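Taking it in order: structure first as structure tokens, then the write-up.
The values are calculated or read from the model by the stated rules, or taken from the named source; none is laboratory data. This is a predicted model, so every value here is computed, not measured. Because the Cβ atoms are built from the backbone with ideal geometry, glycine has one as well, and the counts that use them run over all protein chains shown. The area values use the complete protein model at the heavy-atom level, side chains included, leaving out ligands, DNA and RNA. Shrake-Rupley method; radii C 1.70, N 1.55, O 1.52, S 1.80 Å.
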Amino acid sequence: MSSFWLFLIIVSLAVIGFFVGTSRAMSVASGDKRKLHSLPSYYGSNIAIFTIVPSFLLLVIWMLAQPLIVSSSVRSHIPADTIDPGSTIGLVMSDVQRLANGLDVAVSQGFMTEEDARSVQAGSSDIRARLGQAGVVLGSSVRPEVLQAAQEYRTMTSTGDMLRAIFVIGIALAGFAYAFRKTSVTFRARNTVEKTIYTLLLGAASIAILTTVGIVLSLIFTTGEFFSIQACLSEVDNYEQTHLAALRAADMNLQNCPLGNVALLDQMTSVTGETFSVTTGDYLSAFADFFFGTTWSPSFGGGSELGILPLLWGTFYISVIALLVAVPIGLFAAIYLSEYASSPVRAFAKPMLEVLAGIPTIVYGLFALLTVGPLLVSAFGDDGALGLNWMQGGTAVMTAGLVMGIMLIPFVSSLSDDIINAVPQAMRDGSLGLGATHSETIRQVVLPAALPGIVGAILLAASRAIGETMIVVLGAGAAARLSMNPFDAMTTVTAKIVSQLTGDADFSSPEALVAFALGMTLFVITLGLNVFALYIVRKYREQYE
Amino acid sequence: MTDATVTQPAAPGGAPKKTSLLKLDQRTRRRNAAEKRFKIYGMIAVGIGLVFLVALLSAIIVNGTNAFTQTFVTMNVTLNEDVLDKNGNRNPADIKKVSTFGYAPLINSALENKVESLGIETLLEDGGDMRAIMSASAAAQLRDYVLGNPDQIGETIEFRFLASSRVDGYLKGRVTRESIARDRNISSAHLLLIDDLKELGVVERVFNWGFITGTDASEARPEQAGIGASMIGSFFMMLVVLCLSLPIGVAASIYLEEFAPQNRFTDIIEVNISNLAAVPSIVFGILGLAAFIQFAHLPQSAPLVGGLVLTLMTLPTIIISTRASLKSVPQSIRDAALGVGASKMQSVFHHVLPLAMPGILTGTIIGLAQALGETAPLLLIGMVGFIASEYPNGIQEGFLDPNSAMPAQIFEWAKRADPAYYERAWGGIIILLLFLMTMNLIAILLRRRFERRW
């Protein structure tokens, strides 16, 4: 029975429980509502809750646990000596899983009976051809032990599914019966129901924590994997250099990380006389290569150099240009709108500027690529209007920075606007009363008072600029380089995350995993900026009565 | 301070300085000039902001409106029985055997006949040469028609086919005689022919429904590409976002605003929410890739996964706005409910929540609009590079089958090097912005209509 149907059964049991509970409450009170502790519907809800909550929890736990238990049990039954050198148990297990799924498909489409799928032998009939009929493509020929494991996997899964259905429905019925028996005149149904709702509300609020934990865990694990592969590769280099002659003589060519391949490790030890092991020093050199490397040249064949500095430089350069555009314009616009503008002007210009904030970033990206880029090339490029020949192509730091600046104008202006408006009118009046002009009041009284808030706003804008993706993917180019020329194409951390993860790369290769390390760096930087901004605002904020 | 200068006491031992109220002294003039300058700076800043907005919108409109018209060629095609159904018994299996290659000669000869019957002189030898003005999709269109109406075989029927993207670009001014100098797909002889055909009304530009309702096409057929399928993908994603983020967001806000005790756990939740609101969207994409696709093995490129990722991204926005609207409901309402014997839970769900609903809905719609335009996390879960060439077959497929989304489709078109696709990308942006504008308008109207000031 599939989990979807199981879920439907539980839900319909709960719905029945609601009505049964409501009428039961009325009948124990012999038709007089006033004798009950709670309203009758609370008794109904109580039964529904007791039916649905425990069984649903069991269902979820079962669905998470069953595949783990089944695969570990099947894994322990695969004899170690049947695994090819160069292959791992994980690869064999994925073969097993694919084959088991293939058998499922073949059975469900009627190309095989359930009996066949259970008893078919690898030798007796060509299982590949039969699965091929059902549209299941298997990579290599099926080995007997894999087939046996797959059959075991299927048997265990189907037994598990049956047990699951029995237990889940059993628990649901038990909950139903328990709550039904408890329904009496004195039972405080409302309290139970309200406590459950309270727990649900608390659970919803905790999703924010779960999300953060999910982000941090997924980044930490994959980043850790990246660094351990890099450390292993750096040890492979060392090892090869120290034992070059011996390895040559044995005709061994190490390319990938040998860890996890016991046969190869044994062979290496016997050839060179030294055990291969990754040391702390290797980890340090992997960290150093990543954080201080000045070359970014990923190549999916291996031998790539993955240094983050060119990407950080591109990110920094583009963000600085964006802030140079956004901060003066946004700040002056906020000052003008809150201190000078007449109310019709304000009512028109403020929402208009905020429209800029509501436009999706993909639109800005296209604007950078197709409008601003060519415009800048016609001014600064080859044969440009200014005859400077600084710019080779439309995608450049300047293009992305300018457009990102435009995007950030409303961000800076509306934040600053709020902060300037929060400065009490009495301070302005005092300054004006002493004879200062309006602009002197703003520069010498209002802005100093608002400064912490404005610095916080600028830091938040900087964090937005660093994390912005679409504008740089489309507008900044793809070349990672350390250059001072703002008209050169450069690339950023976010753009490289996209390009490393959208290719056809294998997710376990360092070239793909590096994207997670980049994501981790990005997360730490933006989080740091946000926390710092909040700290500044809290620490230096003037408290006005 | 201009007044103060008048009554300056005479310096001891010197003649009193003569000043006039009517004459500005230098310092005052300087200060007034500074004042005026400062004000002008502010005006310039606002002006630059508005100019940018106008530039952005006009770039979108100027470049994008062309995507809504398309060039078509009208001609009579004879559905030759010898070619389409050799056995003559209208057996669907027989008719299906003829591939689109089999239909190409029919179109060639129809084109040739059309040109001859109109008496147009052209340098092109025969229909095969003229084919370059037609879209490659014409043969498929013809085949679909024949498969649908086998009884029409042998008749001569008028068809309207898509012109090729080069011809379309020529009529829109994107392709010129200079720009095709090295183009192998079309020559200036074709353009001369097009000029003549346009005079006679055979080639015309009409409104392009195919762009709004159609599906994505391969790289070589920009004239056929449409945004319809990805619109459906976006729709299913928004459904997921709405169904998850509204209840979860409201529940979380109610807890934090009405029930949460002052303790460390509540503080942690609050800090987490404000930090999540500032996490770059691409990090949510990484989370989606690692948690939903690699760990939970949900299908790649599926709107369900996109919706889950966007839900996590919009939750902080919705929680923040919902809390603001819960906060604006006056305490007296709660007190009154508690006073007549309602429990805390009843006072919240029966009184506070309904009063806060307009504000909550406004916040939710704005959060949805933000999610609709978001691209970066969708790139990481595989919604780009997928050619959404078919509509999903049903509701389950709509959630689980690979599809694209509007912003991802626009990005995909922007990456293709053909300028005809850039035009589609701008056009897609117009449609996306129309959706966003509608959503924001609804939010504003909701607020105007139902907002209460206490």
Can you tell me the accessible area per residue over the range B:149-252, all protein chains present, probe 1.4 angstrom, in square angstrom? 46
Mean residue ellipticity at 222 nm from the helices of chain B, using -39,500 (n - 2.57) per DSSP H segment of n ≥ 4 over the full residue count, to the nearest 500 deg cm²/dmol? -19000 deg cm²/dmol
Find, among the trypsin sites (Lys or Arg not before Pro) in the range A:418-471, those assigned to loop by DSSP (not H, G, I, E, B) with at most 10 other beta-carbon atoms within 10 angstrom. none
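Sort A:THR441, A:THR113 by heavy-atom solvent-accessible area, probe 1.4 angstrom, most to least.
Descending order: A:THR113, A:THR441.
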Where does each of A:144-153, B:343-352 land if you order them by average Cβ count within 10 Å, highest first? A:144-153, B:343-352
Per residue of A:215-223, count partner chain C-beta atoms within 10 Å of its C-beta, then hand back the mean as an integer. 4
Quick check of the Kirkwood formula: for chain A, what is the inverse mean of 1/r over all pairs of different Cα atoms, in Å? 30.3
Order these peptides, B:267-274, A:452-459, by their mean beta-carbon neighbour count within 10 angstrom, highest first. A:452-459, B:267-274
What is the dipole size for the protein assembly as shown, taken about its Cα centre, with +1 at each Lys and Arg Cβ and -1 at each Asp and Glu Cβ, in debye to the nearest 20? 5180
Using a 10 Å cut-off on Cβ to Cβ distances, tally the other chain neighbours for every residue of B:426-438 and report the average as a whole number. 2
Assigned charges on the beta-carbon of Lys, Arg, Asp, Glu; chain B dipole about Cα centre (debye): 3480
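Accessible area, 1.4 Å probe, largest first: how do A:TYR364, B:TYR422 sort? Could the numbers behind the result be given before it?
Working: A:TYR364 0, B:TYR422 60 Å².
My answer, sorted largest first, is B:TYR422, A:TYR364.
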Are there residues in the range A:352-366 whose accessible area shrinks by at least 30 Å² when all protein chains are included rather than the chain by itself, and which are they (probe 1.4 Å, ligands and nucleic acids not counted)? A:MET352, A:LEU353, A:LEU356, A:ILE359, A:PRO360, A:ILE362, A:VAL363, A:LEU366
In the protein assembly as shown, which cysteines lack any other cysteine Cβ under 4.7 Å from their own? B:CYS243
By per-residue mean of other Cβ atoms within 10 Å, what is the highest-first order of A:483-496, B:88-101, A:8-21? A:483-496, A:8-21, B:88-101
Reported to the nearest 10 Å², B:ARG37 has, with a 1.4 Å probe, an accessible area equal to 130
Only Cα pairs under 8 Å and at least 6 apart count here; give the relative contact order of chain B as a rounded whole percent. 18
Gained length - B:LYS344 relative to B:LYS23, 0.36 nm times residue gap less alpha-carbon distance: 108.4 nm
Tilt, helix B:100-118 to longest principal axis of chain B (alpha-carbon atoms), in degrees rounded to tens, equals 80
Counting just the Cα atoms, what span does chain B cover along each of its three principal axes? Round to the nearest Å and put the largest first. 115, 79, 40
Accessible surface buried once B binds A (1.4 Å probe; total of both sides; Å²): 6300
Using the membrane-span-like helix rule (whole DSSP H runs, Cα extent along the own axis of at least 18 Å, mean Kyte-Doolittle hydropathy at least -1.0), which helices of chain A qualify? A:3-28, A:40-77, A:89-108, A:144-182, A:189-242, A:309-335, A:343-358, A:397-422, A:447-467, A:510-540
Exposure of B:CYS243 as accessible area (Å², to 10), given a probe of 1.4 Å and all protein chains: 90
Heavy-atom accessible area per residue - chain A, 1.4 Å, Å²: 48
Taking beta carbons within 10 Å but only from partner chains, what does the mean come to for residues B:251-258? 5
Under 17 Å between alpha carbons, and skipping anything fewer than 8 positions from B:LYS172 in its own chain: which lysines qualify? B:LYS198
Determine the principal axes of the Cα atoms in the range A:445-545, then give the extent along each, sorted from largest to smallest and rounded to whole angstroms. 60, 33, 20
Could you work out Rg/(2.2 N^0.38 Å) for the protein assembly as shown, with Rg from alpha carbons only? 1.15
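Could you tell me what fraction of 2.2 N^0.38 Å the Cα radius of gyration of the range A:212-293 comes to, as a two-decimal ratio?
It is 1.28.
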Under 5 Å between amide hydrogens, which residues at least 5 positions from B:THR69 or on another chain qualify, with H placed 1.01 Å from N in the peptide plane? B:ASN208
Relative compactness, the range B:28-146, computed as alpha-carbon Rg over 2.2 N^0.38 Å: 2.22
Any idea what the dipole of the range A:212-293 comes to, in debye rounded to 20, about its Cα centre with Lys/Arg Cβ at +1 and Asp/Glu Cβ at -1? 100
Round to the nearest 10 and give me the degree value, 0 to 90, for the angle of helix B:419-450's Cα axis relative to the longest principal axis of chain B. 40
